[in-house]
Amino acid sequence: MSGALAVFRRELKAYFYSPLAYVILTFFLLVHGYYFSLIVAYLSDPRFPGGKPLELFFGQTIFTWLVLIFAGTFLTMRLISEELRQGTIETLMTAPVSETQVVLGKYFAALGFYLFLWAPTLVYVGIIRYFTPVDWGPIAASYLGLFGIGALFLAVGLFASSTSKNQIVSAIVTFFCLLVLFSCGLMENLVNGETAKRVLGHLNLWQHMDDFAKGIVDTRRLVYYATVSGLFLFLSTRALAAKKWR
Amino acid sequence: MIEAMNLTRRFGGFTAVADVSFAVPEGEIVGILGPNGAGKTTTIRMITGFLPPSSGRVTLGGHDLFGGDVAVRRHLGYLPENVSLYPEMRVEEYLDYRARLEGMDRGAVRRRLPEILDRCLLADVRRQIVGTLSKGYRQRVGLAAAIFHDPRVLVLDEPTVGLDPKQIIAIRELIRELGRKHTLLLSTHILPEVELLCQRVLIFDRGRIVAEGSPEALRERWRGRGSVTVELAAAAPEAAAALAGVAGVEQVAAEGDSGARFRLDCAAGADPRAEIFQLAVAKGWTLLELAAARASLEDVFVRLTTRDGEADAAEEAA
């Protein structure tokens, strides 16, 4: 597994060497800072009903999803596409590492950077905690949800990246797939069939995140993230192997 | 050490490499020669396990390279044709990464690094960012990465492309030195390089091996088909006709634009120089130049690769 570790370390460093990472980090901080200040202003106003600030911060909001979908797209688009375009794939795939090791190394690097993106939000938790007691359960559940859904999105993005040597194409494919993945659950309320409603209800990521923010952890959802992530990672290894046959 | 058995590679309807077999025994330096599009790089990509063959097998030290065990590739060092590196990394960082991919640990990398930087003339750029290096330096970084883990087999696809003459000499010296310890497969356009370095040569054309042997043996085989250059102070048409009549001359080709300067292709084993001299004396022509060209590897190469082309064209016309 030392090969996977070498890929992981290189890939994680590559994030910090590229300007893209800092653009994403800045965007992330701006969106979150703005949104957090909105929540605090909203809850401080006596005319509005009260609520839990962190529940609002993680659930019930399009901001979380914007960030998730953009991060899923931009963090993964170059992972394999760039190797294909630059031709570095040739030395990588003639080194004693398997496709699985390459895919896992890259995936965990993306996941690591993704978690790093969320790290500054712990400051908000600290700020809230300073002024008022907090319920740690829902907060832990929220981060678990962000981790699970992020892991799912990054796996989809990695697969898209393995299908094209063009980063822009990878990004567009990822963005489209993530939109479908995200919005198919929202169709729950639009279909009539009982079975369709139930199936889509299970896939409703918006509802998932909402529940995580309330502290509800449903293991079926975690299994869903894990299996679909696993599937896309497997597909990535196959796509990478298939590149050789062209 | 490396054995290729009946390698064939098709891309769609196009056959890039057709039924190529060869073996490189331990410790030998073998050169691959051939014009562009002859299938050299495709063959090398199959030999290194990057491109699976449409049919045939490659073994490295007796292990099938496409058998699913990636550890076999640890015995292999590879410098691809287009050396592509990660532009954002520093030289030593990149070498460290490549060595780690090969399974070396931190301590081993640290011990090996100074020696490699020194051998590949990279010591002065060790902290430089790869993207800012010149082509020659990048080539050497690629070579350093290929030999870092001390592989038993080295495959180098055009290792001296883009280097200046001084660097070429240094890299050739390095390759020759590597050849003492490693099995080496070298692809190149540059014929003197092959003559200088390789014990055996495979000449590729149109996806097949058209000749194989040591540079000396190949020259020997084609020596008879040498040529003679003649320059006479005489009327060109008359001289050409007379020269064509000399025994052993197969073809007379005018050389240069002015005067009677010819290149005569000779029959195998024939040396018409004495007769040409007699002819000049008899006709009263002044002989300005008379020289026999020894068949170089280049001649062998040109003959082999163009003759085949002409034969194919004739076939198509028929």
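Since every read-out is calculated from the coordinates, none of them should be taken as a lab result. Only a predicted model underlies this, so the values are computations on that prediction, with no experimental measurement involved. Backbone-built Cβ (ideal geometry, glycine too); neighbour counts: all protein chains shown.
Ordered by the count of other Cβ atoms within 10 Å of each Cβ, fewest first, A:Thr64, B:Thr43, A:Thr163 give A:Thr163, A:Thr64, B:Thr43.
Take the Cα of B:Ser134, step 7 Å toward its Cβ, do the same at A:Gln60, and the gap between the two points is 6.5 nm.
Using a 7 Å offset from Cα along Cα-Cβ at A:Phe27, what residues in the range A:153-167 end up with backbone N under 18 Å from the label point? Only A:153-158, A:160-161, A:167 fall inside the zone, counting backbone N under 18 Å.
Classify chain B: rounded, prolate or oblate, from the alpha-carbon gyration tensor (a ≥ b ≥ c, eigenvalue square roots; a/c under 1.5 rounded; otherwise prolate if a/b is larger than b/c)? It would help to have the intermediate numbers written out before the result.
Values: a/c = 2.89, a/b = 1.97, b/c = 1.46.
Verdict is prolate for chain B.
Quick check: net charge around A:Thr163, other residues with Cβ under 11 Å of its Cβ, Lys/Arg +1 and Asp/Glu -1? Walk me through the numbers before you get to the answer.
On the way: positive: A:Lys165, A:Arg238, A:Lys243; negative: none.
Here the count lands on +3.
Where only DSSP H runs of four or more residues are counted, chain B gives -11500 deg cm²/dmol as its mean residue ellipticity at 222 nm, each run worth -39500 (n - 2.57).
Quick check: convex hull over the Cα atoms of chain A, volume per residue in Å³, rounded to an integer?
On the way: hull volume 35.2 nm³, N = 246.
Expressed per residue, the convex hull around the Cα atoms of chain A is 143 Å³.
Positive-end ranking of A:Phe131, A:Met93, A:Ala151 along the dipole of chain A, with charges on Cβ about the Cα centre, is headed by A:Met93. For the pair the range A:5-52 and the range B:271-292, the centres of their Cα atoms are 90 angstrom apart. Once the C-beta distance of A:Tyr17 and A:Val169 is scaled by a Förster radius of 30 Å, the resulting FRET efficiency is 0.85 to the nearest 0.05.
Computed about the Cα centre, the dipole magnitude for the range B:45-129 is approximately 140 debye when only Lys and Arg (+1) and Asp and Glu (-1) carry charge, each at its Cβ. The lysines within cross-link reach of B:Lys166, meaning a Cα-to-Cα straight distance under 18 Å and a gap of 8 or more places when in the same chain, are B:Lys135. Among A:189-196, B:77-84, the peptide with the highest mean count of other Cβ atoms within 10 Å heads the list, and the full ranking is B:77-84, A:189-196.
What number comes out for the charge environment of B:Arg200, summing +1 per Lys or Arg and -1 per Asp or Glu over other residues with Cβ under 11 Å away? Intermediate results must be reported in sequence, preceding the final value.
Working: positive: none; negative: B:Glu28, B:Glu212, B:Glu216.
Net local charge, B:Arg200 excluded: -3.
Find how many whole Å separate the alpha carbon centroid of the range A:146-182 from the alpha carbon centroid of the range B:44-123. Between the Cα centres of the range B:44-123 and the range A:146-182 lies a distance of 30 Å. With both labels modelled 7 Å from their Cα along Cα-to-Cβ, the B:Ala241 to A:Asp218 distance reads 10.3 nm. Taking 45 Å as R0, compute the FRET efficiency from the Cβ-Cβ separation of A:Leu115 and B:Ala18 and round it to 0.05. The computed FRET efficiency comes out at 0.30. Which lysines, if any, have their Cα less than 26 Å from the Cα of A:Lys197, not counting same-chain residues under 8 positions apart? Excluding near neighbours in sequence, the set is A:Lys214. Rounded, prolate or oblate: which one fits the range B:85-133, using the alpha carbon gyration tensor with axes a ≥ b ≥ c (rounded when a/c is under 1.5, else prolate when a/b beats b/c, else oblate)? Cα axes put the range B:85-133 in the oblate bin. For the protein assembly as shown, a simple Cβ point-charge model (Lys and Arg +1, Asp and Glu -1, everything else neutral) yields a dipole of about 1740 debye relative to the Cα centre. For chain B, a Gaussian network of Cα nodes joined below 10 Å ranks B:Leu197, B:Leu232, B:Leu85 by mean-square fluctuation, and the top entry is B:Leu232. At full extension, B:Arg110 and B:Gln167 could sit 17.9 nm farther apart than now, given 0.36 nm per residue minus the alpha carbon distance.
Using the structure shown, select from A:Lys106/A:Lys243; A:Lys52/A:Lys106; A:Lys13/B:Lys40 the pairs with a Cα to Cα distance greater than 26 angstrom.
Values: A:Lys106/A:Lys243 17 Å; A:Lys52/A:Lys106 37 Å; A:Lys13/B:Lys40 36 Å.
Pairs exceeding the cut-off: A:Lys52/A:Lys106; A:Lys13/B:Lys40.
Estimate the FRET efficiency between B:Asp124 and B:Arg180 by the formula 1/(1 + (r/R0)^6), using the beta-carbon distance for r and 25 Å for R0, to the nearest 0.05.
About 0.40, to the nearest 0.05.
Each residue of the range B:278-291 was assigned a 3J(HN,Hα) from its phi angle through the Karplus expression (A = 6.51, B = -1.76, C = 1.60, θ = phi - 60°), giving 4, 4, 4, 4, 4, 7, x, 7, 7, 8, 8, 8, 8, 9 Hz with x at Gly and Pro. Multiplying the residue separation of B:Glu250 and B:Arg263 by 0.36 nm and removing their Cα-Cα distance gives an extension gain of 3.6 nm.
How big is the charge dipole of chain A about its Cα centre, in debye rounded to the nearest 20, if each Lys and Arg gets +1 on its Cβ and each Asp and Glu gets -1 on its Cβ? Let's see the in-between values first.
Values: 19 positive and 13 negative charges, 116 e Å.
The calculated dipole for chain A is roughly 560 debye.
Which percentage, to the nearest 5, of the DSSP beta bridges contained in the range B:2-219 is antiparallel? The antiparallel proportion sits near 55 percent.
Among A:Ser142, A:Ser236, A:Ser183, the largest mean-square fluctuation in a Gaussian network model of chain A (Cα springs under 10 Å) belongs to A:Ser183.
Indicate the gyration tensor shape class of the range B:225-294 (rounded, prolate or oblate), computed on the Cα atoms with a ≥ b ≥ c the square roots of the eigenvalues: a/c under 1.5 is rounded; otherwise a/b larger than b/c is prolate and the rest oblate. Please report the intermediate quantities before stating the final value.
Numbers: a/c = 1.64, a/b = 1.32, b/c = 1.24.
Verdict is prolate for the range B:225-294.
Build a GNM of chain B with springs between Cα atoms under 10 Å apart, and of B:Ser134, B:Ser187, B:Ser214 the one that fluctuates most is B:Ser134. When the alpha carbon gyration tensor of the protein assembly as shown is reduced to an equivalent ellipsoid, its three semi-axes come out at 67, 24, 21 angstrom, largest first. Net charge near B:Gly27, counting Lys/Arg +1 and Asp/Glu -1 over other residues with Cβ under 14 Å of its Cβ? Charge balance near B:Gly27 sits at +2.
Just subtract the alpha-carbon distance of B:Ser214 and B:Thr8 from 0.36 nm times their residue separation and send over the number in nm, one decimal. It would help to have the intermediate numbers written out before the result.
On the way: separation 206, 0.36 × 206 = 74.16 nm, distance 2.45 nm.
The B:Ser214-B:Thr8 span can extend by a further 71.7 nm.
Kirkwood hydrodynamic radius, computed over distinct alpha-carbon pairs, for the range B:152-247: how many Å, to one decimal? List each step's numbers first, then the result.
Details: mean 1/r = 0.0598 Å⁻¹.
After inverting the pairwise mean of 1/r, the radius is 16.7 Å.
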